[in-house]
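Working notes, beginning with the structure itself.
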Amino acid sequence: MGDSETADVAPERPLVEVCELGPLGIRHDGAWTSVRGERTSVLLAALSLNRDDGVGSEQLIETIWPSPDQPPSARQSLANIVSRLRRANGDAIIESTRTGYRLGESVSSDRHHFVSEVRTAVDLADSNPVEALDVVERALGRWRGEPWIGLER
């Protein structure tokens with residue numbers, strides 16, 4: 001293969017997966033790390049639960065720092081949390097929207113994979129029960145413990 005052929009091949013985007021089916025974590029380039037800090041965990045959980053729509057900054061601030069305990073610097077603190085997550089996992093993990101933030105399009109979730117696999121197994125159950133069972137076992141293998149353990153909000 002010549003140099004001109006290899007230059008046309010786009011590099012693979014690194015896969016980022018939010019891991020919710022157990023302690024909250026992020027799998028980036030195959031390596032799993034736990035999410036540190038309650039505020040970071042609350043932000044990531046809120047964005048994952050509202051994956052398609054995203055969450056407005058005001059709602060995130062209220063979720064992370066419920067009134068009346070909001071510091072005057074809450075908006076800047078929110079931006080700092082987002083910045084730390086981007087630095088650690090790539091800019092594409094969180095996209096800015098007109099009103100707030102959402103998970104990036106290339107970010108997946110073990111919870112979403114689980115739901116998709118269960119739906120696939122249901123569809124396969126009548127026509128191919130052996131394959132359906134394999135899909136269910138793969139889905140159940142995603143669970144690592146209690147979802148979002150330690151996250152109280």
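The values are calculated or read from the model by the stated rules, or taken from the named source; none is laboratory data. This structure is a prediction, so every number in the text was calculated from the model and none was measured. Glycine gets a Cβ as well: all are built from the backbone with ideal geometry, and neighbour counts include every protein chain shown. Ligands, DNA and RNA are stripped out before the accessible areas are found, and what is left, the full protein with its side chains, is counted by its heavy atoms. Shrake-Rupley method; radii C 1.70, N 1.55, O 1.52, S 1.80 Å.
Things to note:
- Which label in (i) 57, 48, 27; (ii) 90, 22, 19; (iii) 46, 46, 28 gives the computed Cα extents along the principal axes in Å: (i)
- At q = 0.18, 0.22, 0.26 Å⁻¹, base-10 log of I(q)/I(0) for the range 30-117 (Debye sum, equal scatterers on each alpha carbon): -0.79, -1.15, -1.53
- Fluctuation leader among Leu140, Leu47, Leu85 - the chain, Gaussian network, Cα springs under 10 angstrom: Leu140
- Using a simple spin-label model with pseudo-atoms 7 Å out from Cα toward Cβ, Arg86 and Asp69 lie 2.8 nm apart.
- Largest accessible area first, the residues Ser34, Ser108 order themselves as Ser34, Ser108 under a 1.4 Å probe with ligands, DNA and RNA left out.
- For the chain, the carbon plus sulfur part of the accessible surface works out to 50%, probe radius 1.4 Å.
- Note on Arg144 and Ala31: their simple-model spin labels are 1.4 nm apart, each label 7 Å out from Cα toward Cβ.
- Candidates Gly141, Gly56, Gly22: whichever shows maximal mean-square fluctuation once the chain is modelled as a Gaussian network with Cα springs under 10 Å: Gly141
- Averaged over its residues, the chain has an accessible area of 62 Å² per residue, based on protein heavy atoms and a 1.4 Å probe.
- Distant-in-sequence amide contacts of Val16, defined by a placed amide H-H separation under 5 Å and a gap of 5 or more residues or a different chain, comprise Ser108.
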